[in-house]
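Some notes on the structure that comes next.
Values in this text are rule-based calculations from the coordinates and carry no lab data. Worth saying up front: this structure is predicted, and the values here are computed from it rather than measured.
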Amino acid sequence: MDPILSTWKSITLLIVSFAVMFVGILYLGAPSTIVLIFAGVSVIILSVVWGVRWKKIEDDLLHNLKAMLQPILIL
């Protein structure tokens, strides 16, 4: 059974991603694409450290992309 992130760990991931974006864009003046990549990498690293399997992350990403693709194509 795959571990599920607790509420506090999920909130921590959100805070970390917002902090990386805030520091990267406002203080460092980095391009937004680079900042978003680093925010994603930091969240994925924390998730893997906390016990979420990489396969589970990949499956969730693909599932969400497939779910979003159909409404985007309709628009």
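Here is how the numbers come out for the structure above:
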quantity: Quarter of the Cα convex hull surface for the stretch 7-74, i.e. its orientation-mean projected area (nm²); calculated: 5.7 nm²
quantity: Mean residue ellipticity (222 nm) of the chain, computed from DSSP H runs ≥ 4 via -39,500 (n - 2.57), nearest 500; calculated: -25000 deg cm²/dmol
quantity: The stretch 7-74: relative contact order as a whole-number percent, Cα under 8 Å and 6+ apart; calculated: 26 percent
